[in-house]
Amino acid sequence: MKFFIDSANLDEIKDLVKKGIVDGVTTNPSLILKEKERTGKSFEEIVSLIASVVEGPISVEVNSLEYEGMIEEAKNLASISKNIVVKIPMTENGLKAVKTLKNIGIKTNVTLVFTPVQAVLAAKSGATYVSPFIGRIDDISDEGIKIIEKIMKIFKNYNFETKVIVASVRNPIHILNALEMGADIATIPYKVFTQLIKHPLTDLGIKRFLEDYEKSKN
Ligand code: G3P
C-alpha cells in the first residue's frame with residue numbers, strides 16, 4: 001500500500017519526504033487555506049512548492065462546479081507540474097469532466113465518495129484514483145472502513161484499474177485495516193504518521209539501552 005500525506009503544509013511534507021515514507025500528496029481547499037494562513041503564500045505558490053519537493057502524484061482540487069470551469073481549472077493545474085492529479089468532486093458534472101480529462105491525458109482523483117457504487121461510477125468514467133472518505137462516515141456513526149472492503153472486492157471482480165485512496169483517515173487503526181484489506185493507497189494526516197511511528201515500548205527500550213550504555217562506559 002502506498003502512503004500519501006493529506007496535507008498542504010510544506011514543512012510536514014518535506015519532513016516525510018526526508019524520512020522516505022511518503023509516496024504522494026493529497027490536498028483539498030481547506031488544507032490549502034490552512035497553508036495560506038500559515039505562510040501567506042498564494043494557491044499557485046503553495047502547489048508549485050509542493051511539486052518542487054515531491055516526485056509522486058499530488059492531488060489538487062478544482063473549485064468550479066460547472067463542467068467547463070472544471071476542465072479549464074484542470075488544464076491550468078496540470079500545467080503546473082507533470083505529477084499533478086486533478087481532484088474532481090463526485091457529481092454529474094464531475095463524472096463528465098473525468099471522462100474528458102482522461103481522453104486528454106490528465107489524471108484525476110474523484111473525491112467526496114461515500115458509497116461503493118459512487119466509486120464504481122468514478123471508475124467507469126475513467127478516474128485514475130477514487131477517494132472514499134472513511135472518517136466522515138465514522139463521524140455520522142457508521143463504520144467507514146467497511147466501504148473500503150466492498151470497493152476493493154468490487155474493483156477486483158470487474159478488473160477496474162482505478163486505484164483506491166483511503167481518505168479522511170483519523171487514526172492508526174484505519175491504516176492497519178486498510179493494509180489488511182489490500183487498499184492501494186491511504187492518504188494520511190501528518191499527526192497520524194507520527195502516531196504510526198511511535199510506540200511506548202520502543203521509547204522504553206531506547207531509554208533502557210541508553211542507561212545500560214552509560215553504565216557500560218564506566
Ligand atoms: O483526504 C480527505 C481529507 O482531506 C478529508 O479529511 O479529516 O477533513 O474528513 P477530513
- Any idea how many residues of segment 13-47 are farther than 23 Å from V166 by Cα, of a type outside the set (V, I, T), touching a residue at least 24 places away in the same chain (Cβ under 8 Å) and in contact with a helix residue (DSSP H, G or I) (Cβ under 8 Å, 6 or more places away or on another chain)? 1
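Going by the structure shown, is I148 in contact with an Asp or Glu (Cβ under 9 Å, 6 or more places away or on another chain) and modelled with pLDDT of 95 or more? Explain how you work it out, then say what you get.
Details: in contact with an Asp or Glu (Cβ under 9 Å, 6 or more places away or on another chain): no; modelled with pLDDT of 95 or more: yes.
In short, no.
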- Note on the structure: Expected output for segment 163-182 (first residue on the phi > 0 side of the Ramachandran plot, partner of a type in the set (A, V, I, L, M) and within 11 Å of the ligand (Cβ to nearest atom), Cβ below 7 Å, 6+ apart or cross-chain) is S168/I134
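Looking only at segment 58-78, which residues are touching a residue at least 24 places away in the same chain (Cβ under 8 Å) and either crowded, with 22+ Cβ neighbours inside 10 Å or not in a loop (DSSP other than H, G, I, E, B) (or both)?
I58, S59, V60, E61, V62, Y67, M70, I71, A74, K75, L77, A78
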- Answer yes or no as to whether T91 is modelled with pLDDT of 95 or more, more than 18 Å from the chain's Cα centre (by Cα) and among the hydroxyl-bearing types (S, T, Y). yes
- Item | Count of segment 167-184 residues which are more than 16 Å from the ligand (Cβ to nearest atom) and aliphatic (A, V, I, L, M) | 3
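Going through K75, K2, K19, K82 one at a time, which residue ends up being touching an Asp or Glu at 6+ places or on another chain (Cβ under 9 Å) and basic (K, R)? So that I can check it myself, show each step before the final result.
Working: K75 fails: touching an Asp or Glu at 6+ places or on another chain (Cβ under 9 Å); K19 fails: touching an Asp or Glu at 6+ places or on another chain (Cβ under 9 Å); K82 fails: touching an Asp or Glu at 6+ places or on another chain (Cβ under 9 Å).
One residue alone meets the criteria, K2.
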- Query: What is the residue count in segment 1-27 for residues that are crowded, with 19+ Cβ neighbours inside 10 Å and part of a loop (DSSP other than H, G, I, E, B)?
  - Reply: 5
- Within segment 185-211, can you find the residues that are more than 14 Å from the ligand (Cβ to nearest atom) and outside any helix (DSSP H, G or I)? K198, H199
- Do you know which of the residues in segment 134-166 that are buried (at least 19 other Cβ atoms within 10 Å of the Cβ) and assigned to a strand (DSSP E or B) is farthest from the ligand (Cβ to nearest atom)? V164
- Query: How about segment 123-133: which of its residues are in a helix (DSSP H, G or I) and either surrounded by fewer than 18 Cβ atoms within 10 Å (Cβ to Cβ) or within 16 Å of the ligand (Cβ to nearest atom) (or both)?
  - Reply: K124
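The values are calculated or read from the model by the stated rules, or taken from the named source; none is laboratory data. It should be emphasised that the depicted structure is a prediction, and the values quoted were computed from it without experimental measurement. Don't worry about glycine lacking a Cβ; one is built from the backbone with ideal geometry, like all the others, and counts go over all protein chains shown.
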